[in-house]
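Everything on this sheet refers to the single structure shown next.
The values are calculated or read from the model by the stated rules, or taken from the named source; none is laboratory data. Everything numeric in this text was worked out from a predicted model, so none of it was measured. Note: ideal-geometry Cβ built from the backbone for every residue, glycine included; neighbour counts use all protein chains shown. Heads up: the accessible areas ignore ligands, DNA and RNA and are worked out on the full protein's heavy atoms, side chains in. Shrake-Rupley method; radii C 1.70, N 1.55, O 1.52, S 1.80 Å.
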Amino acid sequence: MKKRQMSIPIFVLVICLIFVVLVSGCTYNNPNQQDSTPVAQTESVTTETTQNVQSESTQSTVSWKNFYSDHTDQEKSELIEEAKDEILRIFPNVDESTLDGYWKDHELTDTGYPKIVFNNVDDTSDEFTEAQKIRSGGLEQNIRDNIVTIKVDPESRDIVLYIGEMPSPLEEETRKIPLEGAEKKAVEFVKNVKGDDFHEEKEDDFYIYDIDTDPNTGSGLAIIVLFNTYKGVQYLNDQIYVRYDRVLDTVSTYSDELKNPELMKSLTTLSPIPDISEEEAKEILEAKLEKSYPDEDLDIQYIVWNGHENYLNWYDEEELVYADQPEPIRLIWYVTFSDEKMRAKDSRLATPAIIDAHTGEILLLNFRDINIS
């Protein structure tokens, strides 16, 4: 299993945590890339000049519905009870009386596989209560229970989300677990949830990012991310995310965003070898910006503070994968850039662009009045 390690500023951590709450893919720093690379303006290159004809199938014959069963009300009730048992196995401090689950047919607006949802679950341990006394600043009204949301996949029976609102540890609290220990325990937690067989099967497909926020914020948190790959290319969002509290020695957030492996295999049918190079993708982007703002020197720079920037990915957005008639998952270049005006406001500001690595089509670009999505 490949491993990468880094430190990040707090604003990236905040972005990541918000992203997890929305149950969407989160991206992370790549330590093997530079932070910011100025790029000179290039001659205009239109998307049309880089269009390529795909030799592979461009229409999928399966959808997520082929992998998820319809259930009667009685079956749903039984699955909810099984989900309760699984939650208590993984989180033994949960107050069983607060496990009031319900069936949700779609995680997205009108697409996506069903989940069993448990809101307002009390998972307060003695250690959590003692930490709250310290973190509350001596104010009893600030001491609260560990109330979390838990979601379970009814087909795999796996927990796919565990998240609460626990505050970060204070600087004076003892970090019981080092970063390396947090990674090891996070992987053990994944094995406990998903099973040893799953981990052994997927071990060569994952690579790990360790994000230790302590050097910058003293937060006492480690973020462990296991990204999934296919044919040597990383999926944009297929990942397992673990937020580990090094003070309490426990998982404080867990998000399993791995999609059904057979579905993903059926949808990932295009060539992993791009027809458009990274530089050509940037030229296409810059040509679009120059065409839209011909009288302005934008002074584009490519900012690298996530693991996906200037990097090949499979474009597995949930809205695309869980469409009723999905297309094959596209191979893309994901780049993040800023212009002079953005940097004048905040040097950390940047916006992503996604370019099809086979056809050169711009799939995502939200910049000023340009809105491609």
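Structure notes:
- Residue count for region 288-336 under the criterion of being open to solvent by less than 10 Å² (accessible area, probe 1.4 Å) and outside any loop (DSSP other than H, G, I, E, B): the result is 10.
- Only a single item in (1) under 30 Å from residue 333 (Cβ atoms); (2) buried (at least 22 other Cβ atoms within 10 Å of the Cβ); (3) modelled with pLDDT of 85 or more is not met by residue 190, and it is number (2).
- Some residue of region 155-162 being open to solvent by 50 Å² or more (accessible area, probe 1.4 Å), among the charged types (D, E, K, R) and more than 16 Å from residue 86 (Cα to Cα): no
- Any chance residue 235 is in a strand (DSSP E or B), assigned by the TED database to the domain that holds residue 129, under 27 Å from residue 191 (Cβ atoms) and at pLDDT 90 or above: yes
- Among the residues of region 100-117, none qualifies, meaning not one is under 21 Å from residue 257 (Cβ atoms), out of contact with any Phe, Trp or Tyr (no Cβ under 9 Å at 6 or more places or on another chain) and either touching a residue at least 60 places away in the same chain (Cβ under 8 Å) or among the aliphatic types (A, V, I, L, M) (or both).
- Selection from region 184-201 of residues that are assigned to a helix (DSSP H, G or I) and either without any contact (Cβ under 8 Å) to a residue 12 or more places away in the chain or not assigned by the TED database to the domain that holds residue 159 (or both): 184, 188, 191, 196, 197, 198, 200, 201
- Of all residues making up region 259-273, the number that are closer than 18 Å to residue 158 by Cα and free of Cβ contacts under 8 Å to residues at least 40 places away in the same chain: 1
- Output for region 256-287, where each listed residue is small (Gly, Ala, Ser) and either at pLDDT below 90 or surrounded by fewer than 24 Cβ atoms within 10 Å (Cβ to Cβ) (or both): 266, 271, 277, 287
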